[in-house]
Amino acid sequence: MSVDEPLGVRIEGPSPAMAVAVDIVKRAVWVVPVALLIAAGFWGADGVWSTLYGLAIVVVNFLLAGWLLAVGGRIGAAAMGAAALFGFLLRLGLIMVAVLAVRNASWVELVPLGLTIIVTHLLLLFWELRHVSASLAFPGLRPAPTPNPYLPVRDRADDPVDPDAEPVRSDRR
Amino acid sequence: MSALSNAVAQVVTQAGETAGLDGDALKSANGASSAGFAYGLAAIGPGIGIGYLVGQAVQAIARQPESAGQVQTTMFLGIAFTEALALIGFVVFILLKFV
């Protein structure tokens, strides 16, 4: 990585954006039955199909966003920025096409469809945000325990700690 | 904002009258233009927000490449939250136009 050309920095390794997107999709599995029950209660069978369609739109939207950022990041930071901005336009266009394509279908109720898109999107995001904030790491991956450089080094975990031992200090601060 | 939407409605009305549209068609045209206008306005803010967010994230990654993972995670969530505003605009557009 070269700091002289920050826009050319390639982001290597597994993509956190894609990991977050997949994690959000896993959480969406838990949201589906609740959303379907609510939709069935208020709008009947048409509401259920519309809610399912809305959930599919939200899930595909998250996956596409994560994939675009992952692909862009592997090319370079500038490409990641381009993927974020043009991906935003592209995904909004796709959502619009997806909704307009079915708006006259007999099984579509636009109110539950719209509500599902907004509410599920926000709900899944807040759920994921809470998880990411709690773990302070990538979703599903808690940070590995790192040895504390200020504690004395012991050979075995059950060895008694020498109270007079000097703490081992790291050179890196 | 209402002055702006009034101006748009006036332009649409004049264009409709020139084209010989009747009252219902004019009302429909006004509704469509208002809905499209609302959606367009709703997409501007998130566009600016995502641009700023990604710019700052790239800067952070360039300064501290070792924190790229956490920056990307936060950036992705930020983009998704910002995008929710545009989605709200889109749903309002759909509801105004077709319901």
Specify the angular offset, from 0 to 90 degrees and rounded to the nearest 10, of the alpha carbon long axis of helix B:2-19 from the longest principal axis of the alpha carbons in chain B.
50 degrees
Helical mean residue ellipticity (222 nm; -39500 (n - 2.57) per DSSP H run of 4+; nearest 500) of chain B
-33000 deg cm²/dmol
How far is helix B:68-98 tilted, in degrees, relative to the longest principal axis of the Cα atoms in chain B, given as a value from 0 to 90 rounded to the nearest 10?
10 degrees
Between the residues B:21, B:91, B:54, the Cα farthest towards the positive end of the dipole of chain B, that dipole coming from +1 and -1 charges on the beta-carbon of Lys, Arg, Asp and Glu, is from B:54
Could you tell me whether the range B:13-78 comes out rounded, prolate or oblate from its Cα gyration tensor? Rule is a ≥ b ≥ c as square roots of the eigenvalues, rounded for a/c under 1.5, then prolate if a/b exceeds b/c, otherwise oblate.
prolate
Name the residue farthest towards the positive end of the dipole of the range A:1-136 from the options A:95, A:84, A:38, assuming +1 on Cβ of Lys and Arg, -1 on Cβ of Asp and Glu, about the Cα centre.
A:38
About the Cα centre of the range A:15-129, how large is the charge dipole given +1 on each Lys and Arg Cβ and -1 on each Asp and Glu Cβ? Please answer in debye to the nearest 20.
220 debye
Considering only A:19, A:56, A:121, whose Cα is most displaced toward the positive end of the charge dipole of the range A:15-129, charges sitting on Cβ of Lys, Arg (+1) and Asp, Glu (-1)?
A:19
Percentage relative contact order, the range A:15-129, counting C-alpha pairs under 8 Å, at least six apart
38 percent
Overall dimensions of the range A:15-129 as given by Cα atoms, namely Rg and Dmax in Å:
15.2, 48
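Every number here is computed from the coordinates shown, using simple stated rules; none is lab data. Remember, predicted model here, so these are calculated numbers, not experimental data. With ideal geometry, Cβ positions are generated from the backbone for all residues, glycine too; neighbour counts draw on all protein chains shown.
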